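Undergrad: First the structure, which I've put down as structure tokens, then a few questions once you've had a look.
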Amino acid sequence: MKHYRNYIQGEWRESSRRFDDHNPVDGSVFAQVHEASQADVGDAIRAGHAALAGAWGRTTPGERAEMLYAIANGIDKRHDDFLAAEMADTGKPLAMASTIDIPRGAANFRVFADLIKTAPLDCFRTDLPGGARALNYTVRKPLGVVGIISPWNLPLLLFTWKVAPALACGNAVVAKPSEETPGTATLLAEVMHEVGVPAGAFNLVHGFGPGSAGEFITTHPDINAITFTGESRTGSAIMRAAAEGVKPISFELGGKNAAIIFADCDFDRMLDGMVRAVFLNSGQVCLCSERVYVERSLYPRFCEALAERAAQLRLDWPSDPATQMGPLISAEHRNKVLKYFDLAREEGARFLAGGGVPRFGDARDQGYWVEPTIIAGLPDDARCATEEIFGPVCHIAPFDTEAEAIARANATRYGLAATIWTSNLERGHRVAEAMRVGLSWVNSWFLRDLRTPFGGAGLSGIGREGGQHSLNFYSELTNVCIQINQETP
Ligand code: NAD
Ligand code: 6OD
């Protein structure tokens, strides 16, 4: 049995309170997770402040960049360990974890190392009408100790997406991975230790949200900022906690993302893209398309083709390179998704594919699998067409005009991502801009450049991370104004 411990002030810390880590493939317990106490979280935050007052607080951007490159190399060196931990925690296929999650874990450190070395700062020469002259320039400083709370769906990718820029900007962090996926974050702490990240700069605490490490971080008076990825409802709870100290927050939250497919699209390319947009990671990517609007003339062909592709997806053991889809993360989450399937039936949906639980006749029958599922026939205001399900499922509906498709796609309180498929370049630009979302893809989906802004509108988040946007969130900027003559301003 593995043990996942907390990492506080450069040391591993055990806890007498432990919880089980399940493998979603077959429900087996393979690790014990040491739950951090309130005192542990307080120690981690104190360790962060001590690091900032010490050698870590005196590092230059260039020195921190070198450390981030070393961390990225450390992840690469232990690629197979990270891969095994990711697959054990999530059950996701090797084909995905080895090409997306683990390489992105390392890439996040490289990208922010590159960026911090060349981060531009403002500089203005000011000439007032009365003759006073000044030089203004901006200084970038860390915010302090940043609380990082991340979800289970892309555990290493999303954890490092916040840890890397926070450290690049010179902050100390107290980071909590999801209780469902403690493995890769623990390996990352090992890498931090191996490459000599100063004690207290990176602290890892394990546990749950309310009444546990998540709440202990967000309510602690000495946490200077909070960055969170997870459900919109959890975001509301964290926002209330952050209000107490008027803490800066950055939120990447849920979505009910639309795909708009025009009849003039390249059908085969679109179909491959939509199989990915609906079923990648069993639909457990915040960017997945759960609402698919298809131009009426293409609707029957698309429904048939997507249903056929869904039925062909290979659900198998994660270590098999041919596996295309794994289980859901937990029994609880599977129950939630299956309840939405029941609700869809009650709401009058037609199931074009799936809708149930696959049977394997082996240990996987104890796991948390559901079939790739496609539904149709619901009104736009049905619960299954408005609430985030976060499973391998989409609802397909026909539309007649571009304006109608835009209006229906935007008729949601969420606003994370959209994907638009068309061969008409002008229309692609027009519709992409009209989407009330943080991310619009045209003829692609989840194609990422880490320098671009990432985040959502409405219930999907607050703020943007990525590239300079991350550096700005994780920094306190001080403007220095020096008068360079004697005139009264
Ligand atoms: P979640 O909100 O249940 O949990 C996320 C994290 O918050 C976990 O570490 C959890 O322990 C912690 N937490 C829960 N309650 C808390 C509280 N009251 N105080 C402090 N911490 C608390 O989300 P999840 O189920 O892990 O992830 C799935 C959700 O995340 C989906 O809604 C998905 O859309 C969203 N998500 C969004 C993005 C994005 O970039 N917008 C990315 C990935 C996932
Ligand atoms: O690619 C990223 O940087 C990112 N934040 C992806 C989020 C995916 C949500 O599940």
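Undergrad: Could you work out the per residue convex hull volume over the alpha carbons of the chain, in cubic angstrom?
TA: Values: hull volume 77.5 nm³, N = 489.
With only Cα atoms used, the chain gives 159 Å³ per residue.
Undergrad: Another question, if that's okay. Taking the alpha-carbon centroid of each part, what is the distance from region 265-281 to region 413-449 in angstrom?
TA: If we compute the Cα centre of each part, the gap is 14 Å.
Undergrad: Right, something else. How much accessible area per residue does region 1-46 have, in Å², with a 1.4 Å probe?
TA: Details: 2240 Å² over 46 residues.
Per-residue value: 49 Å².
Undergrad: Can you give the extra length, in nm with one decimal, that the chain gains between GLU433 and LYS141 once fully stretched, where that is 0.36 nm per residue apart less the Cα-Cα distance? Don't jump to the answer; show the numbers that get you there.
TA: Working: separation 292, 0.36 × 292 = 105.12 nm, distance 3.44 nm.
That pair, GLU433 and LYS141, stretches by 101.7 nm at full extension.
Undergrad: Rounded if a/c is under 1.5, else prolate if a/b beats b/c, else oblate: with a ≥ b ≥ c from the C-alpha gyration tensor eigenvalues square-rooted, which is region 1-108?
TA: oblate
Undergrad: Follow-up question, since we're still on this one. How many percent of the accessible area of region 205-264 is carbon or sulfur, using a 1.4 Å probe?
TA: After summing per-atom areas, the C and S share lands at 57 percent.
Undergrad: Give the residue from ALA201, ALA397, GLY438 lying farthest towards the positive end of the charge dipole for the chain; charges sit on Cβ (+1 for Lys and Arg, -1 for Asp and Glu) and the dipole is referred to the Cα centre.
TA: The listed residue farthest towards the positive side: ALA201.
Undergrad: Which FRET efficiency value, to the nearest 0.05, do you get for VAL246 and THR401 by plugging their Cβ-Cβ distance into 1/(1 + (r/R0)^6) with R0 = 35 Å? Don't skip to the answer; put the middle values down first.
TA: Details: r = 46 Å, r/R0 = 1.32.
About 0.15, to the nearest 0.05.
Undergrad: Could I ask something else about it? Hey, rough spin-label estimate for GLU387 and ALA95, points 7 angstrom out along Cα→Cβ, what's it come to in nanometres?
TA: 3.2 nm
Undergrad: Could you work out how far apart the two model spin labels at PHE267 and GLU66 are, taking each label as a point 7 Å from the Cα in the direction of the beta carbon, and quote it in nm?
TA: Placing both labels 7 Å beyond Cα along the Cβ direction yields 5.9 nm.
Undergrad: Rounded to the nearest 0.05, what FRET efficiency is calculated for ASP81 and ASP362 with R0 set to 30 Å and r the Cβ-Cβ distance? Walk me through the numbers on the way to the answer.
TA: On the way: r = 26 Å, r/R0 = 0.88.
Computed FRET efficiency for ASP81 and ASP362: 0.70.
Undergrad: Per residue, how large is the accessible surface of region 257-442? Use a 1.4 angstrom probe and give square angstrom.
TA: Details: 7510 Å² over 186 residues.
I get 40 Å² per residue for this part.
Undergrad: Ranking request for peptides 266-272, 78-84, 6-12: highest mean number of other beta-carbon atoms within 10 Å first, then the rest in descending order.
TA: On the way: 266-272: 15.1, 78-84: 17.1, 6-12: 20.0.
Descending mean neighbour count gives 6-12, 78-84, 266-272.
Undergrad: Which net charge results when you count Lys and Arg as +1 and Asp and Glu as -1 among the other residues whose beta-carbon is under 10 Å from that of THR323? Spell out each step's value before the answer.
TA: Numbers: positive: LYS92, ARG314; negative: ASP316, ASP320.
Spelling it out: positives minus negatives among the neighbours equals 0.
Undergrad: First compute the accessible area of region 374-489 with a 1.4 Å probe, then give the percent of it belonging to carbon and sulfur atoms.
TA: Details: 2780 of 5170 Å².
Its accessible area is 54 percent carbon and sulfur atoms.
Undergrad: If each DSSP helix of 4+ residues adds -39,500 (n - 2.57) and the sum is divided by the residues in the chain, what number results at 222 nm, nearest 500 deg cm²/dmol? The partial results should precede the final answer.
TA: Numbers: 15 runs with 180 residues, N = 489.
So the helix-based figure for the chain works out to -11500 deg cm²/dmol.
Undergrad: Here's something else I'd like to know. Tell me, how many Å apart are the Cα centres for region 112-153 and for region 185-209?
TA: Using only Cα atoms to place each centre, the spacing works out to 27 Å.
Undergrad: For region 47-173, restrict the atom set to alpha-carbon positions and state the Rg and Dmax in Å.
TA: Using the Cα atoms of region 47-173, the pair Rg, Dmax is 19.0, 69 Å.
Undergrad: Further, regarding this structure: Cβ neighbours within 10 Å, averaged per peptide: list 146-159, 288-301, 55-68 in order, most packed at the top. Present the calculation step by step, with values, prior to reporting the outcome.
TA: Values: 146-159: 26.1, 288-301: 20.7, 55-68: 17.4.
Final packing ranking: 146-159, 288-301, 55-68.
Undergrad: Along Cα→Cβ, 7 Å out, is where each label goes; now give me the distance between the ones at ALA411 and LEU447 in nm to one decimal.
TA: My value for the distance between the label points is 3.0 nm.
Undergrad: Computed FRET efficiency, Cβ-Cβ of MET239 and GLU476, R0 25 Å: what is it to the nearest 0.05? Present the calculation step by step, with values, prior to reporting the outcome.
TA: Details: r = 20 Å, r/R0 = 0.81.
For MET239 and GLU476, the calculated efficiency is 0.75.
Undergrad: A further question on this structure: Quick check: residue separation of ASN424 and ASP222 times 0.36 nm, minus the Cα distance between them. What number comes out in nm?
TA: Numbers: separation 202, 0.36 × 202 = 72.72 nm, distance 5.29 nm.
The span from ASN424 to ASP222 would gain 67.4 nm if fully extended.
Undergrad: A follow-up question, please. Expressed in nm², what is the orientationally averaged projection area of the convex hull enclosing the Cα positions of region 257-442? Please list the in-between numbers first.
TA: Values: hull surface 40.8 nm².
Mean orientational projected area (region 257-442, Cα hull): 10.2 nm².
Undergrad: OK, next. Under 12 Å from a point placed 7 Å out from the Cα of GLN483 along the Cα-to-Cβ direction: which residues of region 112-128 have their backbone N that close?
TA: Hits in region 112-128 for GLN483 at 12 Å: 128.
The values are calculated or read from the model by the stated rules, or taken from the named source; none is laboratory data. Quantities reported herein were computed from a predicted structural model and do not represent experimental measurements. Ideal geometry is used to build each Cβ from the backbone, glycine not excepted, and the neighbour counts take in all protein chains shown. These area figures cover heavy atoms from the full protein model, side chains too; ligands, DNA and RNA do not enter into them. Shrake-Rupley method; radii C 1.70, N 1.55, O 1.52, S 1.80 Å.
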